[in-house]
Structures are given as structure tokens and as C-alpha cells.
Amino acid sequence: MRYADLAGTREHKYAWLSSHAESTTGWVPVHLTRPHLLFKPTGDSQATFESGVPLDAIFAQRSAGVITARDDFATDESKAELVSRVEAFAASRLSGARLRAEFNIKDKKGWDVDAAQRQAREEMPLRKRVHPYFYRPFDARFIAYNRGIVWGMAYPTLKHTLGGQNLVLIGMQQYQYDVPEYCYAFVSRGLTDSRIFVSKTGVATLFPLYLYPPESELTLHSGVDVNLSRAFIDRFLNSTDLTWIAEGVGDLLVGGSVGPEAIFCFIYAQLYAPGYRSRFAEPLRTSFPRIFVPSNLDALRDLTHLGRELVALHLLESPKLTKLITEFIGSRNPEVEKVSWSKNTVWLDKAQTVGFKGVREDVWNFNIGGYQVCEKWLKDRKGRTLSKDDIAHYQKIVVALAETIRLMKEIDEVIEQHGGWPGAFQTGSGKVLAKPRSLVSDRGG
């Protein structure tokens, strides 16, 4: 099999085709290999990628994110308003079409409004079913996580994310081709929307770091399990001579021990390395990201440090977020009318008199998945008057993105200091780990 491609305008392609023949085309031989059978050359990147460990072999449990099928009904920025709405739904004496009209909800295949109301009533009071919800990057809301209200719950895994205290890695198994580069990695503390990346294909997959015991076992066993495979942990220990602790980060500075949060942050840093994203652009389109363990302790320590900074920024928990880099200008009661960017300012109105001054172009254009953060966060609030809290929140988002861009560059620099690709990492024979088991037990599935 042979391969050739041609990029450019339609006129350029017609001109090239009219002056070339099959015999004068620069064909490249392609050898189809399983499992992907790609009809194009992949060079060495595919083989190197295959030697890494896929996310679904690292984390013992995973699931798709939450599918509400009716965001406006099942979620809200106000916890009080959400509780009021879903409890009114459960208590209503209406049924069928009248119930749907009252709460502006539509039927969906596999979901019946009357059955949903009965299920909601069975779990009263519903205020206990309302949890923090990571709806979009930097856009946290609340969700009524009830079988009658939410269409797709994925409860066996997502029960470990209730309460908003866990660390959850968010990834994609495949992503849309109209996004120029891989940018499908994020982090949350709990329940997360399956469409957090706003991708045209596929849904987000959630990988919780910890597995919590059922409430019925809390009196007998108050600990948590680590949702990481033993085989992957052993790779880290073998390459760095560290000992394992089952919680926290560990003591990396003196080379003593490593914990699950250090490994989580190391993985996160690798996913935000521009060199990783460009080198493995093609295989990342169709597969879960694969992770490479560090070749030495220094590489682990440095990348873990940068990964922790990224995680804190993306969870809006970093102290750096208090050092604002933008100035809000214009009306004290700004309404989001038309969102645009020019002259390092994000404008909220058509006349371009109200907005956030000090937003660099690279920050404005920064994407997480198909979600252009600076633009879409505001567009989702079109027609709304921003509060002081909204303005402060947006300014923190700008800081987080600016710092992310800086840290991504630093991650690549650190990787180069430790030998680059593949010198900074161990690359093996390409064997995929067997079906993973959690480090302590498989309880809680």
C-alpha cells in the first residue's frame, strides 16, 4: 500500500494534479499494523506511543461523565434554586405533558417523565442528592444527582466523586479533527459533565484517583483505596527507587517515597507537555493517552512539581490566582451582550466600551478540548448582568490560563533538561498491561 497527501487551496491542488501522474507522485509505503490499521505512515511515533501505558490500564475504575439530557433542569449555578426546582418537580401533582410543560423538559429515549417523578420521590429529600458539578472548564455548578432527574449516572464509579473532594483526571479516547492539536485533558474534584470538552465526537472519561468505601462500611473501614494499578506503580518504584505510600504526594525531595497524588500530578504534567501533544498527535486522535514513567527521580520530581501547579490552577485553588493581570473597565453593572476580543481586551458589548483589559491573544485563543475558555464562559452568560463574583471569577480564569501557557513551556524545557524524548522517560516493548486492579482492593465497583 502507498500513501501521498496534498495540502493547499483548491486551485493549487488542481494545478498540481494536472501536471503530475502516478509515476511522478512521491508515494510513501504504508504497512498496516493492528490494532488501528491506519491508512497513512506513522513513522516512529506510533511505535513509541504504543510502548506507553494507556490511561485505562493505569486507573482501575473509569466511566463516562454524567449525561443529564436536560442541563437547564438538572443543573444550576444556585444550589438553593436547584433544590427548589427538583423538589417542586417531585411534589407536583401534574403528570405527562402537563408536567413536562410546567418544568420545560422533554422526553428522551429510555426516560419517561412520570417514572422519573416517582424515582425522584423515592429519594426525598432531594437536597441531599445535590452535589458540586464540574460542568465546563472553570465553570462549576450544582447537579441533582438522582436517577429520576439525570439520564446517565454511571453510578458504580461516579459514586466515588460525590461531595467534590476527590481528584478526577478527565480525558478522551478520541477527539474531533477540527481542533488543531490535542487539548483533551483536565481535572475536577467530583461529578463532571460528559460534555465538559464540548467535543463533536465522543464523551469525556473520568478517572478518579481514590475509591471510597460504601457508607455502610465506614464504621468498619474508614480508609480509601487508590484507583491505580499495581503494575503501573511498580514501574515508578523500579525507575526511581522510591517506596510507596497509599495517600498524599510522598517525600520526593529526599528521594524517600511517592504517593498517588504525586503520580497523578506527574501524569497531568505529561498530558500538558506541548512536545507530547505534537509528537503523538495522530495516535492521540483515536486512543486514550499513554503515559511514560520517568527515567530517573529528578525527572519525576520536577514534572510532579509542575503538574501540581497546573492541577491547583485548573481547580482554581492556586494562591497565584489572587495576583490579577486584568482590569475590568466600563459599567458597574455589565450585561453580556456581544463577546469579542481586540487590543488585548475582551469586550462584552457591541460598542466595545465594557470589558476585561489585559487579556493576551494567546490566552484569548486557549482551548481546552473544543471549549475556547475566555470566549465561551462569557457566551454561556449572554444576556446576564455579571455580578462582582462573576467578574472576579473571570479574572481568575485569565490568570489560570496565562499561567498554564507559561507552565506548558516550562514542562517542555524540563523534559529537554532530562534527556528529551525519549531520554527523560522509560519506553518498553509496547506490551499493554493486563486488566488493572486497584492498589488495595477492588471494592466499591
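The values are calculated or read from the model by the stated rules, or taken from the named source; none is laboratory data. What you see is a predicted model, and the numbers here were worked out from it, not measured in a lab. Glycine gets a Cβ as well: all are built from the backbone with ideal geometry, and neighbour counts include every protein chain shown.
Residue selection: A144 satisfies the criterion of being modelled with pLDDT of 90 or more and of a type in the set (A, V, I, L, M).
Examine region 91-113 for a residue that is hydroxyl-bearing (S, T, Y) and touching a strand residue (DSSP E or B) at 6+ places or on another chain (Cβ under 6 Å), and state whether such a residue exists. No, region 91-113 has no match at all. Checking every residue in region 92-105 against the condition of being crowded, with 20+ Cβ neighbours inside 10 Å and either over 20 Å from the mean Cα position of the chain (by Cα) or not in a loop (DSSP other than H, G, I, E, B) (or both) gives zero matches.
The rows are residues; the columns are (1) over 30 Å from D56 (Cβ atoms); (2) among the hydrophobic types (A, V, I, L, M, F, W, C); (3) in a strand (DSSP E or B).
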site: R277; (1), (2), (3): no, no, no
site: D298; (1), (2), (3): no, no, no
site: L321; (1), (2), (3): yes, yes, no
site: Q352; (1), (2), (3): yes, no, no
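In the set (1) part of a strand (DSSP E or B); (2) assigned by TED's automatic domain parsing to the domain that holds R308, the condition left unmet by G163 is number (1). Among the numbered conditions (1) crowded, with 19+ Cβ neighbours inside 10 Å; (2) within 30 Å of D389 (Cα to Cα), the only one that T157 does not meet is (2). Tallying residues that are under 18 Å from the mean Cα position of the chain (by Cα), closer than 24 Å to G248 by Cβ and among the charged types (D, E, K, R) within region 266-319 yields 3.
Being buried (at least 18 other Cβ atoms within 10 Å of the Cβ), within 30 Å of F236 (Cα to Cα) and at pLDDT 85 or above is the requirement here; does Q61 meet it? The answer is yes for Q61. Taking region 273-296 as the range and being aliphatic (A, V, I, L, M) and surrounded by fewer than 18 Cβ atoms within 10 Å (Cβ to Cβ) as the test, only A281 passes.
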